[in-house]
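Taking it in order: structure first as structure tokens, then the write-up.
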Amino acid sequence: MVEGESACYECLFPKEEHANESLRCADSGVLATTPNVMASLQAHHALLYLGLNVTALKQRLLLWDGLNGLRSVARVGETAVIAARAGIKYATEKPSNAKLMRETFESLGSTYIKLGQFIASTPSLFPREYVEEFQGCLDQTPSLPFSYVQGVLASEFEGRNLSEIFASIDETPLASASIAQVHAAKLVTGEDVVIKVQKPGVETILYTDLNVLHWATKVLEKAVPKVKFASLADIVEEIKTRMVREVDFIEEASNLDDFVNYLNITQNHKAMAPKVYHQYSTRRVLTMQRLYGVPLTDFNVVKQRCKDPSQVLITAMNTWFGSLMMCNSFHADLHAGNLMLLDDGRVGFIDFGIVGQLKPEVWTACIAFMDALQKTDYALMAENMLKMGMTAVQIDTQVLAADLERLFSGVLLADPQELLSSNPADLNDIMMDMVAVGERHGIRFPRDFALLFKQMLYFDRFMRILAPYTDIYADQRLQMVQTMDPN
């Protein structure tokens with residue numbers, strides 16, 4: 001530590017906390033004996049172990065466009081301080097690892113809350129205690145003062161009088177997510193709308209956080225090769241790309257228009273998405289038609305509003321499956337708050353900030369693979385695995401089929417459909433077993449398969465609530481390869 005500094009540049013701890021210490025950190029030159037300082041040094045050593053030298057990272061970020069670079073450096077410092085505090089809390093209070101991680105993610109803000117949502121919706125990739133603990137990340141995040149919303153609107157619609165656009169704006173937000181918060185409003189022309197307003201500094205925070213995470217996962221994949229079965233670094237890179245897109249509301253508006261056009265072309269009158277008011281939307285403000293309804297996970301209310309809740313789920317899934325083949329992109333974040341049963345009985349799709357892209361022929365091959373799995377046709381499974389683009393090298397399909405048979409034969413011995421209804425722990429074991437097959441054949445799942453898999457898990461959650469005694473995937477009403485009729 002440089003003489004006269006008020007804090008250790010490496011540990012990011014106040015200088016006075018290093019007084020009367022007798023154990024020196026070889027990396028930062030800091031002496032430490034107290035539990036607080038020891039915890040901070042342990043956090044610093046963990047960063048060094050992962051190859052994340054704080055000084056080097058800060059120097060790299062300073063090269064990024066002036067003020068944004070400074071903000072990024074500040075964000076790295078903030079992240080390190082929060083991580084150090086988490087280390088102190090672990091050393092002194094001994095909370096469960098899952099609880100500590102959730103609380104730390106919430107303290108770190110938007111990016112980590114989004115990652116927490118991914119953990120909550122991916123029981124096949126994460127331990128059950130973490131999946132259960134991170135359910136809380138699906139809840140609302142702290143809202144911003146209305147004065148900030150007014151400031152953003154005034155800035156985005158500079159030169160225009162807001163009273164000429166909005167007759168009224170509710171000061172209390174309808175929702176406050178990690179990226180933006182939403183307010184109800186009424187246009188001067190009488191339409192009920194919602195205004196989605198981006199939170200401050202979101203893009204800079206995303207850029208910094210996700211670069212750090214991508215760097216960490218690359219190192220983790222090298223240190224622990226088995227994690228490659230989930231393509232962790234690729235998933236983080238893809239989340240980075242998509243979350244940066246998510247802060248561009250003009251792109252979200254385009255995604256909404258694409259989905260509405262798909263509903264019109266297919267004459268789907270059972271589902272809807274909000275209309276975008278483009279003349280009142282910008283990169284940081286999105287003005288949309290307001291939809292009224294309840295989330296699909298509110299089973300008691302859904303049951304009161306319709307005779308057959310399973311039909312609601314069928315309509316939602318058929319509509320989404322159709323979008324895989326007929327839209328430029330598919331909605332990749334249909335959690336509880338983004339899929340609704342509307343007051344008029346239709347299914348509402350909202351929040352198109354996170355989308356995926358999948359070639360229709362790839363989805364067709366995916367369906368064929370699952371069908372072959374249920375029929376235990378391993379040769380056909382191998383052929384369709386190649387069509388899905390899951391390997392970039394020339395392989396012997398007969399050898400791959402034999403490997404798939406060895407992998408799945410024990411699982412499917414009792415019931416060919418057992419895999420599709422396996423509990424998360426069993427499925428996690430199966431996926432770990434697939435690592436060996438992937439390593440032998442150079443198989444890596446395409447990036448959008450991670451988003452596709454996450455959405456299928458969301459649907460699994462809806463099934464458990466809306467149709468707990470129904471095998472939806474065996475239901476004749478379900479059309480995974482879409483026709484023009486989504487019902």
Next on the checklist: Among the listed residues 233, 167, identify the single one that is touching a His at 6+ places or on another chain (Cβ under 7 Å) and either over 19 Å from residue 292 (Cα atoms) or modelled with pLDDT under 80 (or both).
Outcome noted: 233
Next on the checklist: Give all pairs with beta carbons closer than 9 Å in which a residue from the stretch 251-263 that is at positive phi and of a type outside the set (A, V, I, L, M, F, W, C) meets a residue that is in a helix (DSSP H, G or I) and at pLDDT 95 or above; count only pairs at least 6 apart in sequence or on separate chains.
Outcome noted: none
Next on the checklist: Quick check on the stretch 298-350: of everything there that is part of a strand (DSSP E or B) and either closer than 16 Å to residue 463 by Cα or modelled with pLDDT under 85 (or both), which residue is most open to solvent (accessible area, probe 1.4 Å)?
Outcome noted: 340
Checklist entry - Could you count how many residues in the stretch 94-108 are touching a Phe, Trp or Tyr at 6+ places or on another chain (Cβ under 9 Å) and over 8 Å from residue 133 (Cβ atoms)? => result 5
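Does the stretch 258-283 hold any residues that are outside any helix (DSSP H, G or I), open to solvent by 70 Å² or more (accessible area, probe 1.4 Å) and over 21 Å from residue 324 (Cα atoms), and which are they?
283
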Item to check | Cβ pairs under 9 Å, 6+ apart, first in the stretch 73-88 and farther than 15 Å from residue 111 by Cα, second basic (Lys, Arg) | outcome: 73/58; 77/58
Checklist entry - Could we say that residue 364 is open to solvent by 10 Å² or more (accessible area, probe 1.4 Å), at pLDDT below 90, in a loop (DSSP other than H, G, I, E, B) and farther than 30 Å from residue 250 by Cβ here? => result no
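Taking the stated definitions as given, is residue 180 of a type outside the set (S, T, N, Q), crowded, with 22+ Cβ neighbours inside 10 Å and under 15 Å from residue 351 (Cβ atoms)? Give the steps one after another, and end with the answer.
Working: of a type outside the set (S, T, N, Q): yes; crowded, with 22+ Cβ neighbours inside 10 Å: yes; under 15 Å from residue 351 (Cβ atoms): yes.
It is true that residue 180 is of a type outside the set (S, T, N, Q), crowded, with 22+ Cβ neighbours inside 10 Å and under 15 Å from residue 351 (Cβ atoms).
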Item to check | Candidate set from the stretch 92-115 (those that are of a type in the set (Gly, Ala, Ser) and at pLDDT 85 or above); member that is nearest to residue 201 (Cα to Cα) | outcome: 98
Checklist entry - In the stretch 332-360, how many residues are farther than 18 Å from residue 244 by Cβ and touching a residue at least 12 places away in the same chain (Cβ under 8 Å)? => result 18
Item to check | Filter result for residue 413 (modelled with pLDDT under 75, open to solvent by less than 70 Å² (accessible area, probe 1.4 Å) and more than 30 Å from residue 180 (Cα to Cα)) | outcome: no
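The values are calculated or read from the model by the stated rules, or taken from the named source; none is laboratory data. This is a predicted model, so every value here is computed, not measured. Positions of Cβ are backbone-derived with ideal geometry, glycine not excepted, and every protein chain shown enters the neighbour counts. Heads up: the accessible areas ignore ligands, DNA and RNA and are worked out on the full protein's heavy atoms, side chains in. Shrake-Rupley method; radii C 1.70, N 1.55, O 1.52, S 1.80 Å.
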